[in-house]
Every structure is written in C-alpha cells, then in structure tokens.
C-alpha cells in the first residue's frame, strides 16, 4: 500500500533548484507558520523575505539581518512558501499573487492541510509549479515533513521541493493529496475528542492532559498541544475535514467551536 | 495511609494488585471462592517477586516480606477489617453487582467498595449496594506492575471521602491518579480512540500506508510508537473490544464505530505481536 510515484512528463520546463544556500526565498502566510520557516530557512543560509498579509496575529519578530518583511515578491526569489491554513480567501490571493510575480518555472510549496494542493493549483495559471506540505505551527522544527504532490505536479517540481526540504534538514514522506494529510488529521481528531470529553465534564483540562501523557505516553497532552498550535488552526483543519469527508463522525466538538468563536480558552487554575 | 486492603478475585488483575500493594507495605486479605485459583495466583505472585529479587529491583528480604503480607482466604467475611475492598472479577455487570452486594454485607460500614473495570458503569455496579456513596471505580491502564496511572471513576453517588481514600491508596502503590466521571471508556481509552481509528481510515483511503503513517507519527508527533505498532503491541482483539464497547455504550455514536479493517484483521487471527502478525509480521521467537 505504497503511494504512487509521480511520473515524469516530457517537455516540461525544469523548475529552478534552490541548491545555492544563499538563494532568495519568499515566505508568505500566517504569522506563526511564517515565523518558524523564516527562522529555519535563515539558519540554513537562505536569504529570506517574508510577509503576513491580512493576518490578525502579530507579525513575526525575527532577528534583524536574518529575514526581512517584504510585501512585494523579490524579483530574484528562487523558491516560495505559502503557509496559510485559516483564511482560505487570503491564501488564494497569496497564491495568485505569487503565480503572477514569480517566473513560471519557480516552484511554490504550499500548506495543504485545510485545502488540497490540487485545489490550490486549480486557482493558478502555472499549475505545475505547486506542491503541498503539512505546515502547522510547531511542525517546522520536526525532523520530517509530509509532502503531497498535486495531480498536476511533475516529478521535476517534486524533486525541487524535496531538495529544498532536505536543505533545511528534513526527511520527507510523500503522501496523497488529501485534507489533513496524515499527522495534522490524527492530532486534530484527538484534540476534538478531548474537547468532547471536556464538554461532558469527564475530567478537568489539566487532568486530561496529565492522564494522556502519563498513561498513554503522549509527548504532550491534547489540550496543551491545541494551545501550542493555536485553536484557530486546529479548528480550521477539523472544519475542512468535516466539509471534505461529509461524515457525522468528524463534526467539531461544540465546545471547541465556542472557544474559537469567543476567542477564549479555559484558564489553567 | 491504607493499611488493610481486601481483594476479591484471584485473576490476573487481583494478583497484580495484591503484588504491588504488598510491596507498598499494605496487608492484603486476598479472597477467591476457588481455593485452587487462589493458590495458583499466590504462586504467580511468588514467582514474580522472586524474579524481581533476582533482577535486583528489590531485595530478597523485601520480596519475602511482601509475600508474607498477602493472606489468602476463601471466605468473604475474612475481608471484614479492610479499609478498601477491591473487586477484581471478570468484566460482567451481573457478577460484579452480585459480588459487591456480598462484599458490602461482609465488611465494616466504613469499608470503601472499589470495582476494577475498564468498560462498565460504576453507577450501575453501585446500584446493587445499600451505600453507593462508598462505591468507586479504579481503572489501571496497562499491566498493573507497569501501569503509571489510575483513573479513579466517580459514580453518580460516590462521595468525596471515597475518592480521597482511593487517591491516597493509588499514591501508596506508586501510581499517579486522574479523577474522572462515570462515562463510557472513562477518559484515556476514549481520548485515545482517534489515535487508532483515524490512521486506519487514512490507510484505507490510501493517503499513506501503515509504515508511512507510523513513521510520520513518530517523527512529527514525537510518539514512541506509531499507531499501527501500538495496536499490534496492545493486541488488535483488545483494541477492537474496547472500540466495540465504546460504540455500544454510546448507542452507536459514529465517532466510535469500529473500522472494518480492524475487524477483518481480528477475524483473520492477525491479532498483533502475540499472534506473530497484525499490521506487521513478527518473526517467531526461538526456544
């Protein structure tokens, strides 16, 4: 049950490879994801420009000299990352802008946990350049990344994306292009069940977290995990899954919805 | 501090609790109606204590003292001085209710009545007693010696003193505690369900295969074992039993519906490591 290999197509332009570690990279999207990738790419020698348009979260504060906030895509950018999960209208605007501004051969990797990479590619004129990835806050520091080629992605584009992620120290797992991909889907469903349990007052939040860490060997309790990733991100994944799968079992816990809508979470007292 | 513990039932759970309680310095009145089962359980405890002493995790003297603290009985009335009487019979509501009614009759009015269960409603078990406020559920996750946490389950009528005493007892035997309310699957087994079920669905939808999913969960999630590895280790039959119990207890809630792939593995006898094959295959142990 291995994922299908993406076949190479002939007579396609080869996207530029970001092999030069001083290559210019442009990162756009939500602040938390952008901050993590801007930092990591800078550490690995890339010349990083970033922007967080329309983000309600504060712009990432990065050390001066390592990355620069730049609303316009640099003409010499050899690679781009789009890291929006919550505001999909903004994500579409970002991708359309990147598609217009970058040469048609420049690869774009885009977070595809709340909308498939294939759907994102359908918004663009140069569909061959896009590959999806699993980007949620806190994931950038992990040693592996999930990559999802679209139905359009030629092997050359996938190769460029793999080369990029290897250059920033990551191992790669190629998965099919589905909402939630693998780990975001599993994690958010666990957080959702934890929210159902809290809603039913089966345990206190801190007790729930402690139980899952001590008894089930979780590296982090689901509530603490949700707080680290950001509730709006978790909610966005769950809503997208529910919309995509259309199954009653994937409905979002009402408590989680209320917390996201009200912008509050329980107090750790 | 709990000084006198009564245990009803000389199965694996009962013997395990007797073992850890005796090591913690608690006197154990160990009851089973079947004297043969009781002797066999004591032999197992003796063997395990001897092995621990041989491994150097405890001294020979500690092992011998622990064994002396366990007093076998085939008459329930011998548990009358117990501060906590812990019922560890098979997972059957009728049997547990019947046992608890007799234990209540044969112990002192202050004795707490604890029932060990992973699926049954504490409120339903307590309904057989005159004092349901003294009834509480204890759920240890995993083999008793290795379990790090006890879920202390409050029934509808369980009072605070009952819960407090069980927290105290759990700490004495070296376990962390979480107090949970009486709901199907309690807490850990329930919140754990998506960790097993969602990967089955992801694999069935061909998003990634079991090996890939395990690697992703280990390397991104930081889990010690991936979900398919964990299910194989726990036993696919056990995993399915818990899932079916949750599904039935929640009156067919779709979130807990067992996945056909899990049922198929169990039907094929591929129940995990113990069977030599589950989602993975395991080489036969030699010797």
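The values are calculated or read from the model by the stated rules, or taken from the named source; none is laboratory data. Here the structure is a predicted model, which is why all the values come from computation and not from measurement. Counting neighbours? That spans all protein chains shown, and the Cβs are built from the backbone with ideal geometry, glycine included.
Some points to look at:
- Each residue in the stretch B:257-276 was checked for being surrounded by fewer than 20 Cβ atoms within 10 Å (Cβ to Cβ) and either in a helix (DSSP H, G or I) or away from chain A (no Cβ under 14 Å) (or both), and 12 of them qualify.
- Looking only at residues in the stretch A:166-186 that are in a helix (DSSP H, G or I) and in contact (Cβ under 8 Å) with a residue 40 or more places away in the chain, the one that is farthest from the other protein chains (Cβ to nearest Cβ) is A:167.
- Candidates in the stretch A:143-165 are the residues that are more than 16 Å from the chain's Cα centre (by Cα) and in a helix (DSSP H, G or I); of these, the one that is nearest to the other protein chains (Cβ to nearest Cβ) is A:158.
- Failed condition for residue A:216, given (1) within 11 Å of another protein chain (Cβ to nearest Cβ); (2) part of a helix (DSSP H, G or I): (2)
- Residues of the stretch B:211-256 that are at the interface with chain A (Cβ under 7 Å from one of its Cβ atoms), surrounded by fewer than 20 Cβ atoms within 10 Å (Cβ to Cβ) and touching a helix residue (DSSP H, G or I) at 6+ places or on another chain (Cβ under 8 Å): B:224, B:254.
- Condition met for residue A:189 (closer than 28 Å to residue B:179 by Cβ, at pLDDT 95 or above and within 14 Å of another protein chain (Cβ to nearest Cβ)): yes
- Of the helices (runs of 4 or more DSSP H) lying entirely inside the stretch B:113-210, those containing at least 1 residues that are more than 13 Å from chain A (Cβ to nearest Cβ) and free of Cβ contacts under 8 Å to residues at least 60 places away in the same chain span B:122-126, B:160-172.
Here's the yes/no breakdown for (1) in the same structural domain as residue B:165 (by TED's automatic domain parsing); (2) under 21 Å from the mean Cα position of the chain (by Cα); (3) modelled with pLDDT of 95 or more:
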{"residue": "B:11", "(1), (2), (3)": "yes, yes, no"}
{"residue": "B:22", "(1), (2), (3)": "yes, yes, yes"}
{"residue": "B:31", "(1), (2), (3)": "yes, yes, yes"}
{"residue": "B:36", "(1), (2), (3)": "yes, no, yes"}
{"residue": "B:40", "(1), (2), (3)": "yes, yes, yes"}
{"residue": "B:50", "(1), (2), (3)": "yes, no, yes"}
{"residue": "B:62", "(1), (2), (3)": "yes, no, yes"}
{"residue": "B:73", "(1), (2), (3)": "yes, no, yes"}
{"residue": "B:85", "(1), (2), (3)": "yes, yes, yes"}
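- Any chance residue A:140 is outside any loop (DSSP other than H, G, I, E, B), within 14 Å of chain B (Cβ to nearest Cβ), closer than 19 Å to residue B:219 by Cβ and under 10 Å from the mean Cα position of the chain (by Cα): yes
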